[in-house]
1. Considering only residues that are at pLDDT 90 or above, of a type outside the set (Gly, Ala, Ser) and surrounded by 12 or more Cβ atoms within 10 Å (Cβ to Cβ), which ones fall in region 11-26?
2. Please verify whether Leu46 is buried (at least 18 other Cβ atoms within 10 Å of the Cβ), at pLDDT below 85 and in a helix (DSSP H, G or I), treating the condition exactly as stated.
3. Which ones in region 51-78 are among the acidic types (Asp, Glu) and either surrounded by fewer than 20 Cβ atoms within 10 Å (Cβ to Cβ) or modelled with pLDDT of 90 or more (or both)?
4. Ser96: within 22 Å of Gly35 (Cα to Cα), surrounded by fewer than 18 Cβ atoms within 10 Å (Cβ to Cβ) and modelled with pLDDT of 75 or more, yes or no?
Amino acid sequence: MLMNRLADGDRAAFEPLFYALYPRAVRLARKRVLGALAEDVAQSALLKVFARSSEFTKNKPVLPWFYGIVANEVRSVWRREARLARPIAEGDNERSPEDEALEAELGRALQTSHDALAKSDREAIEAMLGYRERPAIDDATFRKRVSRAVARLRSLAVGFYGD
């Protein structure tokens, strides 16, 4: 309901929505970019969420829309930093309970949308999230494929979260 209120212009919804979404943005970004860039990605994503709040379709799930924005910010950092993925360092295999919860949440979003998404869209998003190997296509084509898949995921009203 917070996102609906913000979309209607209720500024009082800003702070509680920020505190609900910011930790999720940081956790996702930390899985995809190095160090302090994760906080930059999260901040930039939330600025876009609030700037684009009037574009949010009320009564649709907020998290797929939100994660799509975060994913776009991550890709922007990759392009800007000329990296396609976060390097894996020794010890990165240990996952915190927060990491597991985030991955489960993203997995549920993708699973709930499974039947509504084309196979190529599911595979592109799964590759972007690191659930499968990236297809052997050039970088620009992969980014465009992911961008289109995320846009289609965002447009689905799958109702797995509400807001």
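The values are calculated or read from the model by the stated rules, or taken from the named source; none is laboratory data. Keep in mind it's a predicted model, so treat the numbers as computed, not measured. Positions of Cβ are backbone-derived with ideal geometry, glycine not excepted, and every protein chain shown enters the neighbour counts.
1. Pro16, Leu17, Phe18, Leu21, Tyr22, Pro23, Arg24, Val26
2. Working: buried (at least 18 other Cβ atoms within 10 Å of the Cβ): yes; at pLDDT below 85: no; in a helix (DSSP H, G or I): yes.
No.
3. Correct list: Glu55 only.
4. Values: within 22 Å of Gly35 (Cα to Cα): yes; surrounded by fewer than 18 Cβ atoms within 10 Å (Cβ to Cβ): yes; modelled with pLDDT of 75 or more: no.
In short, no.
One line per residue, one yes/no per condition, for (1) at pLDDT below 65; (2) more than 25 Å from Phe18 (Cβ to Cβ); (3) of a type in the set (A, V, I, L, M, F, W, C):
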| site | (1), (2), (3) |
| --- | --- |
| Arg80 | no, no, no |
| Pro87 | yes, yes, no |
| Glu100 | no, no, no |
| Glu126 | no, yes, no |
| Ile137 | no, yes, yes |
